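Notes to accompany the following structure.
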């Protein structure tokens, strides 16, 4: 054999080309003993490749071809070997561009034991070509075809890429992956056989895979199987497109695995590819956003940016009917959520039913038409949002549990007022006043009418106390019938006014049915701390306590103020 026909890949060159005058009619040895024997069809961007592995008297023909190419392939084979030396016909799947030449091969191949090598699902269709050959089912032979010496042709199932029983094969002798439809592409330049330009390979492979491969998930899974099975691949020889040089195998694997496929499932008909690719890209970016965004606000802003880049309105709102809070809406143009329903005059896409969830899009004018395929994609995408929404609800549940525990830890269970622990953790302003109060003769109520009656009185006292103080004031139950009011930024005059209001309101409890007998009265002590004083809280509290005892000693049902001078002298 004339070795000048060998066209090895030059790693320093971007592309290896045919000599259009002569070499297209000759076989090309792409690796030692591995030959390209395909036929370039004129003005056809969907070129189909056939390969031959020289294997002594048991040669292997890979993806034989169709009636359009078989005669040219036979001519090339005759220049390499005797046709009687061809025993194995590998058919990676059942399409006619691979198998339609089988009847013709039945007429010319003279080996006494020719076999079609394939997988059982493909064979179910290949038999309908009415060929005369026996079948070698790879799954029944441990996915392997032994060749001469230690050489083997190993097989890997790649389901639904693009046929349910599709497979690829790997020649252990040359390190060549015969990838069938994977890595294939439409070829703008039929003179290019092998390329070391990854961008060129992927550019031509993209429309082919987006047309024929069902989804990126299946494509990535199939590529991962191949990479795991054969980590060292010297070249990729697809049935379509260009042979992939060793120098870019890793790069091309990575780029192909990230490619969006199955875009035509986004529409009811074969429509504008560019539009569908924009939808597919939006779906990919939305899925990535789910992985990286931890807050509803971040998610809705990401959604707005993604939709705007896809030609949709950039203003959007995400509304969730939270089990406790009701409708909560996050807008892409606001910093905080609002307790309201989604904007009524925007276009609504109902994403989930439980809890109710709405993506609202602000249209570009009254007559704006929303892309129905984009809307369909968003509804389908909602299924992948379910764990994200569940996480949001779980955060709410945990927050409520923590809040409930805090309330229980810092609240008096009888009156609902803050307790001593809450007082100890309270943040004190630079100046404040305290009102300490105590019910007069409360023991008499418990002794005469029982503790249930006393509890009812304490609850009413707490209610009146909260109603009598200012909005910014804090109320505490210190224990028993003793209460405290913390008045931030209040001077003594203000505190005395509030204390008198409390005392007067308490006297009305009997008329309201709170006191079992007689009037309910309280004694109150007031102390104040200005920003100029250095006394700590315990000192201010002690003065309020002293004032309270002064009020009781003076006859009860009155307000007494602590001596401010005594505080300043401490």
Notebook entry, point to check: Quick one: which of 223, 182 is out of contact with any strand residue (DSSP E or B) (no Cβ under 6 Å at 6 or more places or on another chain), part of a loop (DSSP other than H, G, I, E, B), under 23 Å from residue 138 (Cα atoms) and not assigned by TED's automatic domain parsing to the domain that holds residue 288?
Noted result: 182
Notebook entry, point to check: Filter the range 471-490 for residues that are surrounded by 15 or more Cβ atoms within 10 Å (Cβ to Cβ) and part of a loop (DSSP other than H, G, I, E, B); which is farthest from the chain's Cα centre (by Cα)?
Noted result: 481
Check: Tell me, which strands (runs of 3 or more DSSP E) lie completely within the range 1-91 with 2 or more residues that are exposed (fewer than 14 other Cβ atoms within 10 Å of the Cβ) and at pLDDT 95 or above?
Finding: none
Note to self: Residues to consider are 101, 190, 174; find the one that is surrounded by 14 or more Cβ atoms within 10 Å (Cβ to Cβ), modelled with pLDDT under 95 and closer than 24 Å to residue 26 by Cβ.
What the structure shows: 190
Check: Can you find a residue in the range 193-200 that is surrounded by fewer than 17 Cβ atoms within 10 Å (Cβ to Cβ), within 24 Å of residue 55 (Cβ to Cβ) and touching a helix residue (DSSP H, G or I) at 6+ places or on another chain (Cβ under 9 Å)?
Finding: no
Check: Would you call residue 119 free of Cβ contacts under 8 Å to residues at least 24 places away in the same chain, assigned by TED's automatic domain parsing to the domain that holds residue 32, on the phi < 0 side of the Ramachandran plot and in contact with a strand residue (DSSP E or B) (Cβ under 9 Å, 6 or more places away or on another chain)?
Finding: no
Note to self: Checking the structure you have, find out if any residue of the range 290-309 is touching a residue at least 40 places away in the same chain (Cβ under 8 Å), out of contact with any helix residue (DSSP H, G or I) (no Cβ under 9 Å at 6 or more places or on another chain) and within 25 Å of residue 369 (Cβ to Cβ).
What the structure shows: no
Check: Residues of the range 381-425 being assigned to a helix (DSSP H, G or I), touching a residue at least 24 places away in the same chain (Cβ under 8 Å) and in contact with a helix residue (DSSP H, G or I) (Cβ under 8 Å, 6 or more places away or on another chain), which ones?
Finding: 381, 384, 385, 388, 392, 422
Checklist line | Lone qualifier among 97, 107, 113 - being over 44 Å from the mean Cα position of the chain (by Cα) and either assigned to a helix (DSSP H, G or I) or in contact (Cβ under 8 Å) with a residue 60 or more places away in the chain (or both) | finding: 107
Check: Is the range 208-215 home to any residue that is modelled with pLDDT of 90 or more, in a loop (DSSP other than H, G, I, E, B) and in contact with a helix residue (DSSP H, G or I) (Cβ under 9 Å, 6 or more places away or on another chain)?
Finding: no
Next item on the list: Within the range 211-221, count every residue that is over 17 Å from residue 276 (Cβ atoms) and either surrounded by fewer than 17 Cβ atoms within 10 Å (Cβ to Cβ) or over 22 Å from the mean Cα position of the chain (by Cα) (or both).
Entry: 3
Item checked: Any hit, the range 528-540, residues being under 60 Å from the mean Cα position of the chain (by Cα), in a strand (DSSP E or B) and either modelled with pLDDT of 75 or more or surrounded by 19 or more Cβ atoms within 10 Å (Cβ to Cβ) (or both) -> yes
Next item on the list: State all residues of the range 136-161 that are assigned to a loop (DSSP other than H, G, I, E, B) and crowded, with 22+ Cβ neighbours inside 10 Å; if no residue qualifies, say none.
Entry: 158, 161
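The values are calculated or read from the model by the stated rules, or taken from the named source; none is laboratory data. Nothing here was measured: the structure is a model prediction, and the numbers come from that model. Neighbour counts run over all protein chains shown; Cβ positions are idealised from the backbone, glycine included.
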